[in-house]
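Each remark here refers to the structure printed beneath this line.
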């Protein structure tokens, strides 16, 4: 008796095939036919779960956003061994946006491709906005734990500054990984978080900080 196909498992296989194609050749190669071939399925099987290429792209984009957000939110908001509660937690959260292992490198590559595509593909715009807003909110919460005295408007600025820094750093690491390795990426992130923590009046004149 043939094994019953699990819908969630099959959709997972198809989305993973999209990611492999994007990493290897970019988003332009993604089509129902190409994805079916990559997933070792017939096109009709893919259409059973995704009626159009746009449906497939949106699902894959949502999936990579959820994957990254899960890691960011799972990072501890409290530091251990740091000079200030939350400093190491914020470092850990930012590191989830860097290509420090294969899983994070794949997600960063795929997310970056989708974000760029959203500039000219309206069907991806809402998903791109959700991803950015969710990440900014997560980092804003971490900044709040580090600098509770910041007014809301300054907190938004700091969260966006950190997000812009780490996204740029991540892209540089993807493109220049031979010299911008994990140790250097971590040093840059720590420097950014240390500069944010050092501005806190509670830390002025103390020996607390990132070491």
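A few points about this structure:
- Site pair residue 186 and residue 198 shows an inter-label distance of 2.1 nm when each label is modelled 7 Å from Cα along Cα→Cβ.
- Relative protection proxy for 147-157, 166-176, from highest mean packing down: 166-176, 147-157 (other beta-carbon atoms within 10 angstrom).
- Once the chain from residue 149 to residue 47 is taken as fully extended at 0.36 nm per residue, the excess over their C-alpha distance is 31.5 nm.
- Taking 0.36 nm per residue of separation and subtracting the Cα-Cα distance, full extension of the segment from residue 134 to residue 165 would add 9.5 nm.
- Normalised alpha carbon radius of gyration of the chain [divisor 2.2 N^0.38 Å]: 1.18
- Peptides 105-114, 129-138, ordered by how many other C-beta atoms sit within 10 Å of their residues on average, highest first, read 105-114, 129-138.
- Kirkwood analysis of the Cα pair distances in the stretch 1-51 returns a hydrodynamic radius of 11.2 Å.
- With the helix formula -39500 (n - 2.57) applied to DSSP H stretches of n ≥ 4, the chain reaches a computed 222 nm mean residue ellipticity of -22500 deg cm²/dmol.
Read the figures in this text as sums done on the coordinates, not as results from a lab. Predicted, not measured: the structure shown is a model, and the values here were computed from it. Please note: Cβ atoms are built from the backbone with ideal geometry, for glycine as well, and neighbour counts cover all protein chains shown.
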